[in-house]
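Undergrad: The structure under discussion is supplied below as structure tokens; questions concerning it will follow.
The values are calculated or read from the model by the stated rules, or taken from the named source; none is laboratory data. Every value quoted in this text rests on a predicted model; they were computed, and no experiment measured them. Cβ: placed from backbone, ideal geometry, glycine included. Neighbour counts: every protein chain shown. Just the protein is used for accessible areas: all its heavy atoms, side chains included, with ligands, DNA and RNA removed. Shrake-Rupley method; radii C 1.70, N 1.55, O 1.52, S 1.80 Å.
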Amino acid sequence: MNIPFAHVSIGGNELKYITEVLESGWLTTASKAMKFENDFAEFVGAKYACAVNSCTSALHLAIEAIGIRQGDKVLVPSLTFTASAEVLRYMGADPVLLDVEYGTGLVTPSIVKDALKKNSGIKALILVHYAGQAAVMETPDGEGILDICRKNHVRIIEDAAHAFPTKFNNKYIGSFGDVTCFSFYANKTITTGEGGMLVTDDEDIYKRVKIMRLHGINRDIWNRFTSAKSSWEYDVVAPGYKYNMPDINAAIGLAQFERAEFFREERQRCAEYYYKALCEVPDFDLPECYGPHEDHSWHLFPIVIKPGAKISRNEFIEKISERGIGVSVHYKPIHQMTYYRETYDLISKDYPNAEKIWQGTVSLPIYPDLKENELEFISSTIKSFF
Ligand SMILES: Cc1ncc(COP(=O)(O)O)c(C=O)c1O
């Protein structure tokens with residue numbers, strides 16, 4: 001068999017919408033991107049959405065709009081992709097890395113509380129909904145991550161690269177923090193090839209992001225070329241970036257968005273297969289799930305091979321690859337990356353859970369087109385190793 005780690009499902013209106021864009025004669029940001037923004041904002045329950053060319057751009061625009069600047073300190077989990085931390089360095093701000101909970105890979109309310117006690121002057125938290133599961137945002141006793149941040153005047157930027165569509169307490173991620181950033185990279189739960197979406201309820205953040213997304217120009221290029229009056233005139237109010245999402249990508253995104261809940265259900269089917277098939281193997285831990293499986297987007301299914309297991313993580317990857325099954329690792333933590341380790345003098349023992357996860361973790365294939373016989377082959381192959 002040849003089972004890739006990730007595989008994109010194209011089978012909806014992708015070609016139809018792309019053709020509409022090609023026939024319109026306007027390939028960059030226009031009506032498809034605007035429709036994608038409106039539909040997306042309405043779906044997650046946010047007032048405003050801005051389509052951009054990656055989640056990294058969305059995170060950069062978010063921290064810029066919130067006012068993170070040189071020397072500001074911002075909390076970020078160590079168990080994440082480098083984009084979550086690097087955007088802080090774009091602004092000259094400093095990441096303060098957090099450990100995560102072992103079973104879920106998530107930052108918990110008590111981790112945030114402790115970090116705020118230990119570090120003075122924290123401006124914001126970049127909160128990663130790892131693997132597609134929501135972190136504990138709110139609790140009835142006011143001790144959720146959002147509650148703690150609000151009480152301490154710490155802004156929250158949610159890195160929801162893995163978390164569409166994900167719910168917490170029956171509300172979609174995208175309707176909680178100050179700003180939420182989604183990824184539509186090729187292996188994500190819905191894709192535009194490359195792309196991202198920033199959502200917020202804050203009108204000031206939205207206005208700033210819209211300007212900075214396109215060179216700091218005070219009107220959309222779309223308006224500039226299509227409006228009847230004085231189309232040549234625009235002003236530049238800040239040195240912005242070039243982060244807009246072209247309509248070709250938005251066309252793919254709209255078609256994927258229409259099938260997002262179906263994709264999520266299919267990913268859940270894969271996760272439930274693994275839970276059932278692999279639950280009796282004592283050599284590794286399966287990912288823990290806080291709430292109903294329906295709330296999880298199931299972007300990743302990371303297992304953690306325990307120390308002392310019959311084979312190590314690296315041997316596991318070698319053996320499973322030989323059988324034609326693609327896997328990946330999420331993540332080598334930020335505190336292990338040369339740039340961050342050397343710049344901030346980081347040591348592994350300060351992040352014991354992220355370290356334990358990193359030593360043993362491997363992410364199994366999980367995507368809508370994964371068939372029952374492939375799930376069976378993956379599971380029986382894994383069981384044969386132990
Ligand atoms: C947690 C996390 N944040 C941010 C990103 C960046 O997303 P993009 O590739 O859309 O810039 C990724 C990408 O994999 C990610 O996993």
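Undergrad: Looking at (1) touching a helix residue (DSSP H, G or I) at 6+ places or on another chain (Cβ under 9 Å); (2) within 13 Å of the ligand (Cβ to nearest atom), find the lone condition where K47 falls short.
TA: Going through the list (1) touching a helix residue (DSSP H, G or I) at 6+ places or on another chain (Cβ under 9 Å); (2) within 13 Å of the ligand (Cβ to nearest atom), K47 breaks only (2).
Undergrad: Then there is this: Given the conditions (1) surrounded by 15 or more Cβ atoms within 10 Å (Cβ to Cβ); (2) hydrophobic (A, V, I, L, M, F, W, C); (3) modelled with pLDDT of 95 or more, and given that A238 satisfies all but one, which numbered condition is not satisfied?
TA: Here A238 clears every test but (1).
Undergrad: Can you confirm whether segment 217-235 contains a residue that is surrounded by fewer than 18 Cβ atoms within 10 Å (Cβ to Cβ) and modelled with pLDDT of 95 or more?
TA: no
Undergrad: Report whether or not A131 is surrounded by 23 or more Cβ atoms within 10 Å (Cβ to Cβ) and assigned to a loop (DSSP other than H, G, I, E, B).
TA: no
Undergrad: Next question, about the same structure. Can you find even one residue in segment 92-105 that is open to solvent by less than 60 Å² (accessible area, probe 1.4 Å), away from the ligand (no atom under 16 Å from the Cβ), polar (S, T, N, Q) and not in a strand (DSSP E or B)?
TA: no
Undergrad: If you don't mind, another one. When segment 174-210 is examined, which residues are found to be surrounded by 24 or more Cβ atoms within 10 Å (Cβ to Cβ), of a type in the set (S, T, Y) and under 11 Å from the mean Cα position of the chain (by Cα)?
TA: T180, S183, T189
Undergrad: Just to be sure I understand, how many residues within segment 313-356 are under 26 Å from E374 (Cα atoms) and open to solvent by less than 50 Å² (accessible area, probe 1.4 Å)?
TA: 12
Undergrad: Please verify whether R213 is surrounded by fewer than 24 Cβ atoms within 10 Å (Cβ to Cβ) and either within 16 Å of the ligand (Cβ to nearest atom) or not aliphatic (A, V, I, L, M) (or both), treating the condition exactly as stated.
TA: no
Undergrad: Then there's this: Here are some conditions: (1) more than 16 Å from the ligand (Cβ to nearest atom); (2) acidic (D, E); (3) within 20 Å of A131 (Cα to Cα). D114 meets all but one. Which one does it not meet?
TA: With respect to (1) more than 16 Å from the ligand (Cβ to nearest atom); (2) acidic (D, E); (3) within 20 Å of A131 (Cα to Cα), D114 is out only on (3).
Undergrad: Out of curiosity, is E355 assigned to a helix (DSSP H, G or I), closer than 30 Å to A115 by Cβ and in contact with a helix residue (DSSP H, G or I) (Cβ under 9 Å, 6 or more places away or on another chain)?
TA: In short, yes.
Undergrad: Within the bounds of segment 64-81, is there any residue that is out of contact with any Gly (no Cβ under 6 Å at 6 or more places or on another chain), in a helix (DSSP H, G or I) and surrounded by fewer than 20 Cβ atoms within 10 Å (Cβ to Cβ)?
TA: No: segment 64-81 contains no residue that is out of contact with any Gly (no Cβ under 6 Å at 6 or more places or on another chain), in a helix (DSSP H, G or I) and surrounded by fewer than 20 Cβ atoms within 10 Å (Cβ to Cβ).
Undergrad: Please work out if A85 is touching a Gly at 6+ places or on another chain (Cβ under 7 Å), touching a residue at least 12 places away in the same chain (Cβ under 8 Å) and within 16 Å of the ligand (Cβ to nearest atom).
TA: Answer is no for this residue.
Undergrad: Let me ask something else. Give just the number: which of (1) over 24 Å from I190 (Cβ atoms); (2) not in a helix (DSSP H, G or I) does I366 not satisfy?
TA: Evaluating I366 over (1) over 24 Å from I190 (Cβ atoms); (2) not in a helix (DSSP H, G or I) leaves (1) as the failure.
Undergrad: Which of (1) more than 16 Å from the ligand (Cβ to nearest atom); (2) within 29 Å of D369 (Cα to Cα); (3) open to solvent by less than 10 Å² (accessible area, probe 1.4 Å) is the odd one out, the single condition F168 does not satisfy?
TA: Single failed check for F168: (3).
Undergrad: Which residues, counting only those in segment 268-291, are assigned to a loop (DSSP other than H, G, I, E, B), charged (D, E, K, R) and either on the phi > 0 side of the Ramachandran plot or open to solvent by 70 Å² or more (accessible area, probe 1.4 Å) (or both)?
TA: Residues satisfying the conditions are E280, E288.
Undergrad: Mind listing whichever residues of segment 1-16 are in a helix (DSSP H, G or I) and either modelled with pLDDT under 95 or over 25 Å from the mean Cα position of the chain (by Cα) (or both)?
TA: Correct list: L15, K16.
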